[in-house]
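Written below as structure tokens is the structure these notes are about.
The values are calculated or read from the model by the stated rules, or taken from the named source; none is laboratory data. From a predicted model like this one, the values you see are computed outputs, not experimental measurements. So basically every Cβ, Gly included, is an ideal-geometry build from the backbone, and we count neighbours across all protein chains shown. Keep in mind that these areas ignore ligands, DNA and RNA; they rest on the heavy atoms of the full protein, side chains included. Shrake-Rupley method; radii C 1.70, N 1.55, O 1.52, S 1.80 Å.
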Amino acid sequence: MTKRKYVTILVTIMAGNSRLATAIHVAGMLSFAEEMPLTSEAIARSCKTNAVVIRRIIGQLTRHGLVEVKMGTGGGSRLTKNPSEITLGEIYTALEEGAIFEVPQFEENFHCEVGKIVRPVLANVLNGVEQSLLDNLKQITLAEIIEKIKLEMHEACQNKIRNPKSEIPN
């Protein structure tokens, strides 16, 4: 199997919830792109993934107007808006993951009446759960996540000063 084929398979089967976390990580790093130009390889190292995964996520964020890419020397990616104007809901939507919960439907002539009825009921309940999740993600901004990370890093550094033998998170 070629490396390219392996990466394609890896990207294809990457879990949706992992992609959201990675996309938020990417967007957070891109919020500093003006001060610190970043390559997809550098972001990939920070996310512990392949640069192809990062480029695909950046492509999706670009198609949804959250990121712009400048090609050529001195190029790179950056957010199109301030992190306080980007919600996690927008990032999630940009990933175009589709439904979180898939409930297969049976044909009208399926032999089990309970099976035919339970599926639409479950689909309705799970669609409501998914909408609730999306509504919650729309209430959280990228800036809020960045601020929480800064606080955690500050605490980790303070702990390192108090206890020099402890590790600072990467």
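Points to keep in mind about this one:
- Accessible-area composition of segment 8-153, carbon plus sulfur, in percent [1.4 Å probe]: 58 percent
- Normalised Debye scattering of segment 121-170 at q = 0.24, 0.30 Å⁻¹ gives log10 I(q)/I(0) of -0.85, -1.01, counting only Cα atoms as equal scatterers and leaving out solvent.
- For the chain, pairs of C-alpha atoms spaced more than 25 angstrom apart make up 48 percent of the total.
- Charge tally for Gln158 (other residues, Cβ to Cβ under 13 Å; Lys, Arg +1; Asp, Glu -1): +1.
- Take every Cα pair under 8 Å whose residues are at least 6 apart in sequence, average their separation, divide by the length of the chain, and the relative contact order is 20 percent.
- Cβ-based net charge around Arg19, under 14 Å, with every Lys or Arg adding one and every Asp or Glu removing one: +1
- Environment charge at Gln60 (Cβ cut-off 12 Å; Lys +1, Arg +1, Asp -1, Glu -1): +1
- Heavy-atom accessible area per residue - the chain, 1.4 Å, Å²: 68 Å²
- Here the chain is assigned +1 on the Cβ of each Lys and Arg and -1 on the Cβ of each Asp and Glu. Its dipole about the Cα centre then comes out at about 860 debye.
- Degrees separating the helix 3-13 axis from the principal Cα axis of the chain, which is the longest one: 60 degrees
- DSSP loop GluC sites (Glu not before Pro) with at most 11 other Cβ within 10 Å: longest gap in the chain: 36-95
- Relative contact order, percent, segment 63-150 [alpha-carbon distance under 8 Å, six or more residues apart]: 36 percent
- Filtered chymotrypsin sites (Phe, Trp or Tyr not before Pro), segment 68-170: DSSP coil and at most 13 other beta carbons within 10 Å: Phe101, Phe110
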